[in-house]
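Quick notes on the structure that follows.
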Amino acid sequence: MSMSAITDTSAFERNRGWYQTDLIEVNEPFHQLLERYSKIPSSDIIDHVKKIRDRAFESSPYPCIGLFRFTNLTLITHPLYDKIVGILKSESTDAAYLDIGCCFGQDLRRLVFDGVPSERLVGLDIERPLLELGYDLFLDRETLKSHFVIADILEAQGKTWESLEERGFDVIHCSAVFHLFTLDRQVIAAKHIARLVKKGGIIIGRQMGSVKPGDVPALTKGTFSYRHDVDTFDAMWKKVGEATQTRWNVEGVMDMVNINPNNYLEGEDSRRLLFTVTRIE
């Protein structure tokens with residue numbers, strides 16, 4: 001979601017194209033999270049979300065921020081969600097979860113709300129302001145025991161990354177991340193992420209896909225990113241497996257959920273790619 005900083009100074013005019021001025025209502029799952037987890041009065045929720053969003057957009061002017069897409073809890077829509085909650089709540093294992101490109105940590109908070117011990121959850125993003133604002137959005141700075149790390153999945157260096165590798169994760173959530181990069185960079189990121197997954201562990205998420213896989217214009221002017229279909233995503237993980245002496249099973253579907261064909265960033269070939277990548281060996 002927010003793994004690629006927008007650097008061109010002319011960005012402001014283009015960014016306004018994905019700044020939605022008003023928020024009429026907050027969807028039920030997110031509203032419930034703020035009301036019951038964060039204890040924010042129902043009548044205050046819209047104003048609260050708008051204020052946090054405006055603060056976030058100043059430092060991180062991404063479509064997911066400007067268009068309030070962060071209010072769509074994506075993890076709960078994954079077919080394996082109930083199973084994942086069960087794995088992470090299990091008292092017989094020390095199961096661990098990592099959310100890559102976690103934005104405000106909204107999906108992570110939903111897991112806590114659903115009974116997962118918060119110390120088993122780690123959020124990772126390249127944008128420090130979003131992680132800090134997550135505490136302000138959910139009002140849990142004093143109570144949440146989850147760990148948040150600033151890291152770049154294209155670099156994957158230093159003590160922070162080494163500690164993630166040492167811990168290893170049973171479930172990695174990685175939504176709206178790979179589609180930010182060229183195919184070559186996606187392979188680099190996937191190789192780094194592969195080293196974090198325990199044997200039998202899974203990487204799940206969703207991203208922009210396409211019925212015509214290939215390069216499309218990216219957020220930063222003059223750059224491109226690559227959109228997959230299920231077959232090309234599978235081929236990428238075969239390449240990653242060969243490079244890392246691991247093996248992966250890729251399952252995916254493409255649909256029109258939350259796709260706007262009229263948006264110039266999306267277009268009629270765009271689809272949502274919902275995926276599960278399981279480490280076999």
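Derivation of every value follows stated rules applied to the coordinates shown; laboratory data play no part. In this text, all values refer to a predicted model and were calculated from it rather than measured experimentally. Don't worry about glycine lacking a Cβ; one is built from the backbone with ideal geometry, like all the others, and counts go over all protein chains shown.
Side notes on the structure shown:
- At R0 = 30 Å, FRET efficiency that the Cβ-Cβ distance of Asn262 and Glu155 yields, to 0.05: 0.25
- Most mobile listed residue (Gly86, Gly66, Gly123) in the chain, GNM with C-alpha springs under 10 Å: Gly86
- Looking at segment 72-279, the pairs of alpha carbons with a distance over 21 Å make up 53% of the total.
- Computed from backbone phi with θ = phi - 60° and the Karplus coefficients 6.51, -1.76 and 1.60, the 3J(HN,Hα) list for segment 138-154 is 9, 6, 10, 4, 8, 10, 6, 9, 5, 9, 10, 10, 9, 7, 10, 5, 7 Hz; x is used for glycine and proline.
- Label-to-label distance for Glu242 and Phe57 is 4.5 nm, based on points extended 7 Å past Cα in the beta-carbon direction.
- If you take the Cα centroid of segment 103-169 and the Cα centroid of segment 29-71, the two points sit 18 Å apart.
- 5 angstrom amide H check on Arg271, placed H, neighbours 5+ away: Gly209, Ser210, Val211
- The relative contact order of the chain comes to 16 percent, based on Cα pairs under 8 Å that sit 6 or more residues apart.
- Only aspartates and glutamates eight or more places from Lys50 in sequence, or on another chain, were considered; those with a Cα closer than 20 Å are Asp22, Glu25, Glu28, Glu35, Glu58, Asp107, Glu127, Glu132, Asp136, Asp140.
- Structure note, pairs Lys159/Lys198; Lys199/Lys238; Lys89/Lys145; Lys51/Lys159; Lys83/Lys198; Lys198/Lys239: Cα-Cα distances above 23 angstrom occur for Lys51/Lys159.
- Taking 0.36 nm per residue of separation and subtracting the Cα-Cα distance, full extension of the segment from Thr220 to Glu162 would add 17.9 nm.
- Phi-based couplings in Hz for segment 43-50 (Karplus 6.51, -1.76, 1.60; Gly and Pro marked x): 5, 9, 5, 4, 4, 4, 4, 4
- Remark: spin-label model distance Leu80-Asp184 equals 3.1 nm, labels positioned 7 Å along the Cα→Cβ axis.
- Per-residue [θ]222 nm for the chain (sum of -39500 (n - 2.57) over DSSP H runs n ≥ 4, rounded to 500): -9500 deg cm²/dmol
- Each of Glu58, Glu119 was scored by other Cβ atoms within 10 Å of its Cβ. Arranged with the fewest first, they read Glu58, Glu119.
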